[in-house]
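Student: What follows is a single structure, and I will ask about it in a moment.
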Amino acid sequence: MDKIITQQLTDIANTFRERHLCALFEADPSRGRRYYVETANLWLNYSRNHLDDSAIEHLLMLANKSALDEKRQALFSGETLNQSETRAAKHTLLRAPLKPHDADSVEIHQVLKQMASFVADIQSNQIIADTVITDVVCIGIGGSELGTRIVHQALSASMRPRVQLHFLANIDGTAAKSVMRRVTKESTLFLITSKTFTTIETLQNFATLKAWFTQDFTEQAFMKRCYAITANPDAAIDLKFENKQIFKFWDWVGGRFSLWSAVGLPIAIAYGMETFSELLAGANQMDGHFLHTPFHENLPVMLALIHIWYGNFLGYPTRAVIPYAQKLEKFPAYLQQLEMESLGKSIDIEGQRLQYPTSPIIWGSAGSNGQHAFFQLLHQGSQIVPVDFIAALEPEHEFVDHHNALLANCLAQSQTLMTGGAIDKKEHGHFNGNRPSNFILMQKLTPFCLGQLLALYEHKVFTQSVIWNINAFDQWGVELGKRIASDILAHQTPNRPMTFADIQATFSHPHCADGKNT
Ligand code: F6P
């Protein structure tokens, strides 16, 4: 980050330590209307933040100095932005209309056609000789699960899925057991989603379901019901998938940005290809907004700058995300991967150790439930936690009073965090307020709005990575643990439960980072 602007921002941030948010509103009553950006169906009000015109101007200078404009162009033109893996990050192409002269776009649209015809075959019971598919088990983890799962949860608010979706991610055998209890073998499809097709959780869960299925039927019958979604088709073929059972995606799609590819197939199966297309259209709308809108009116850019402001200049190490929408309950978990896997870095693109913090810790859950769990800390705890509140203007249901109460609660929390107040004369009944939040409002939890929301956070993450000069598209930090787990497993005897002594042994001989035993 530019040193001079950083110093100026640090000085400005220090002046805010003494200023109450309410005083900012008194000094400028128009800020509630002015500190606001919008794009179709989506609004961000950021007036309840420790910011004024000068702070915003300096944050925008920081963005300008970081070459964000060139980098966002580079993202969309498919340049190699993932330097450590020598790859582009072309997830925006996945949701763009067909570009007949772009070979990748042509392939993307071929896979979309393959998905559409598969969905039609399922609907007309043509997948497994006249069998009605009632259940789809989606095996996959991380980016091969989280996006699809939250979209499914969100859409099931207003749409009835055509089949039951079951997600199987954890290597904990209870997860597989629970799926086995819920489905009928004859009428179930199995989708194995893995970019690499080497992830042990996914391969183990696949093997376990295969063993379970073949207790009653042949292996051939099982494989007929299995489809692979992967960027490594050869590995799927090694596991006996036929070519026609493979939906391909590409190594230039990061796992956590892959929902828009065939990874989203469960959504198309459960809610129809047209719904999946609406999701893509929403994300594509946000792509256009991010690419073409000046920074001060740009939703992802403004949100990124506010998040940088709190992490780097006011020193708040965590951020809460609280959707006032039960169906977005798992959205914070999705963001944990998107933000912390992308931005949890301490080395810059040139390989130098960073001198400033990057990703905060992201946490949260749905409101109003959270109010009865962790909001005490948000209001009166010893640390300040900036919050992103997310709500939808229109409900998915007919219970208008429920929705009004939900919105009233969300608005009340955001207001109270700012104003504080007193509900008792004694000290414990006193709320200091002065706690910042953003308020993101979407029209309705439609597939289109959901696509916009997810793409908003993707581009926000990208913007932060550019300003911090880090690579948002690699995740080396998760690799070492995977290797050590394989190593520990290699020392165990298959089918013999690990003992206390086995566990103790790993503490006696831990592997050090340089590969030597202590
Ligand atoms: O462990 C993290 C990760 O590498 C994620 O980036 C990825 O989404 C997930 O594992 C699953 O990987 P795959 O799709 O290759 O199975």
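Student: With all protein chains present and a 1.4 Å probe, how do 48, 17, 31, 483 order by accessible area, largest first? Show your work: numbers first, answer last.
Tutor: Details: 48 60, 17 120, 31 5, 483 160 Å².
Listed by decreasing accessible area, they come as 483, 17, 48, 31.
Student: Can I ask one more? Whenever you get a sec, line up 36, 46, 316 from highest to lowest accessible area (probe 1.4 Å, protein heavy atoms).
Tutor: Values: 36 85, 46 10, 316 40 Å².
Sorted descending by solvent-accessible area, the residues read 36, 316, 46.
Student: A further question follows. What is the set of long-range amide H partners of residue 444 at a cut-off below 5 Å, with H atoms built 1.01 Å from backbone N?
Tutor: 393, 394
Student: Determine the sum of side-chain charges near residue 386: Lys and Arg each +1, Asp and Glu each -1, restricted to other residues whose C-beta is under 9 angstrom from that of residue 386. Kindly include the intermediate steps, with their values, before the conclusion.
Tutor: Working: positive: 319, 435; negative: 388.
That sum, taken over residues with Cβ under 9 Å, equals +1.
Student: Taking the Cα centre of region 96-271 as the origin, how large is its charge dipole in debye, to the nearest 20, when only Lys and Arg (+1) and Asp and Glu (-1) carry charge on their Cβ atoms? Show your work: numbers first, answer last.
Tutor: On the way: 17 positive and 16 negative charges, 88 e Å.
Dipole magnitude for region 96-271 comes out near 420 debye.
Student: Turning to a different aspect of this structure: Lysines near residue 210 by alpha-carbon distance under 30 Å, same-chain residues fewer than 8 away left out - which ones?
Tutor: Here the lysines satisfying the reach criterion relative to residue 210 are 113, 177, 185, 195, 224, 240, 244, 248, 330, 482.
Student: What do you get when you divide the Cα radius of gyration of the chain by 2.2 N^0.38 Å, with N the number of residues?
Tutor: Details: Rg = 24.3 Å, N = 518, 2.2 N^0.38 = 23.7 Å.
In units of the globular-protein estimate, the chain measures up at 1.03.
Student: Looking at the chain, what % of its DSSP beta bridges pair antiparallel, to the nearest 5? Walk me through the numbers before you get to the answer.
Tutor: Working: 13 of 44 bridges.
Antiparallel bridges: around 30 percent, rounded to the nearest 5.
Student: Take 112, 265 and sort them by solvent-accessible surface of the protein heavy atoms, 1.4 Å probe, largest at the top.
Tutor: Working: 112 30, 265 0 Å².
So the residues, ranked largest to smallest area, are 112, 265.
Student: Any idea what the dipole of the chain comes to, in debye rounded to 20, about its Cα centre with Lys/Arg Cβ at +1 and Asp/Glu Cβ at -1? Numbers along the way, then the final one.
Tutor: Numbers: 44 positive and 51 negative charges, 144 e Å.
Here the chain has a charge dipole of around 700 debye.
Student: A further question on this structure: How much length would be gained if the chain were fully extended between residue 507 and residue 361, taking 0.36 nm per residue of separation minus their Cα-Cα distance, in nm to one decimal? Write down the numbers at each step before the final one.
Tutor: Working: separation 146, 0.36 × 146 = 52.56 nm, distance 2.82 nm.
Answer, rounded to one decimal: 49.7 nm.
Student: To continue, here is another question. Taking only C-alpha pairs under 8 Å that are 6+ residues apart, what is the relative contact order of region 1-80 in percent?
Tutor: Numbers: 43 pairs, mean separation 28.5, N = 80.
Relative CO of region 1-80 lands at 36 percent.
Student: With a 1.4 Å probe and all protein chains left in place, how much accessible area per residue does the chain have, in Å²?
Tutor: Details: 23280 Å² over 518 residues.
Normalised by residue count, the accessible surface of the chain is 45 Å².
Student: Starting from the Cα gyration tensor of region 1-74, take the square roots of the eigenvalues, sort them a ≥ b ≥ c, and report rounded, prolate or oblate (rounded when a/c is under 1.5, otherwise prolate if a/b is larger than b/c, else oblate). Display every interim value, and only then the final one.
Tutor: On the way: a/c = 3.30, a/b = 1.18, b/c = 2.80.
The shape class here is oblate.
Student: Taking θ = phi - 60°, what integer Hz values does the Karplus form 6.51 cos²θ - 1.76 cosθ + 1.60 yield along region 137-145, in sequence order, with x for Gly and Pro?
Tutor: 9, 9, 9, x, 9, x, x, 8, 9
Student: Please work out whether region 372-518 counts as rounded, prolate or oblate from its C-alpha gyration tensor, where a ≥ b ≥ c are the square roots of the eigenvalues and a/c under 1.5 means rounded, while otherwise a/b larger than b/c means prolate and anything else oblate?
Tutor: Working: a/c = 2.28, a/b = 1.82, b/c = 1.26.
Verdict is prolate for region 372-518.
Student: Now for a different question. What distance in nm separates the simple spin-label points at residue 64 and residue 399, each placed 7 Å from Cα in the Cβ direction?
Tutor: The two pseudo-label positions are separated by 5.0 nm.
Student: Can you pull the percent of Cα pairs in region 177-271 with separation above 22 Å?
Tutor: Working: 1240 of 4465 pairs.
The share of Cα pairs beyond 22 Å in region 177-271 comes to 28 percent.
Student: A further question follows. What aspartates and glutamates could a cross-link reach from residue 460, if we take a straight Cα to Cα line under 17 Å and drop same-chain neighbours fewer than 8 places away?
Tutor: 38, 69, 70, 287, 297, 339, 341, 388, 474
Student: Round to the nearest 0.05 the FRET efficiency obtained for residue 243 and residue 488 when R0 = 35 Å and r is the Cβ-Cβ distance. Walk me through the intermediate numbers first.
Tutor: Numbers: r = 36 Å, r/R0 = 1.03.
Computed FRET efficiency for residue 243 and residue 488: 0.45.
Student: Classify region 96-271: rounded, prolate or oblate, from the alpha-carbon gyration tensor (a ≥ b ≥ c, eigenvalue square roots; a/c under 1.5 rounded; otherwise prolate if a/b is larger than b/c)?
Tutor: rounded
Student: While we're looking at this one, here's another question. In whole percent, how big is the carbon plus sulfur part of the accessible area of the chain, probe 1.4 Å, protein atoms only?
Tutor: Numbers: 12540 of 23280 Å².
Carbon plus sulfur share of accessible area: 54 percent.
Student: Rounded to the nearest 500 deg cm²/dmol, what is the calculated helix-only ellipticity per residue at 222 nm for the chain, with -39500 (n - 2.57) per DSSP H run of length n ≥ 4? Before the final figure, lay out the partial values.
Tutor: Working: 21 runs with 229 residues, N = 518.
That comes out to -13500 deg cm²/dmol.
The values are calculated or read from the model by the stated rules, or taken from the named source; none is laboratory data. All values reported here derive from a predicted model rather than from experimental measurement. So basically every Cβ, Gly included, is an ideal-geometry build from the backbone, and we count neighbours across all protein chains shown. For accessibility, only protein heavy atoms count, side chains too; no ligands or nucleic acids. Shrake-Rupley method; radii C 1.70, N 1.55, O 1.52, S 1.80 Å.
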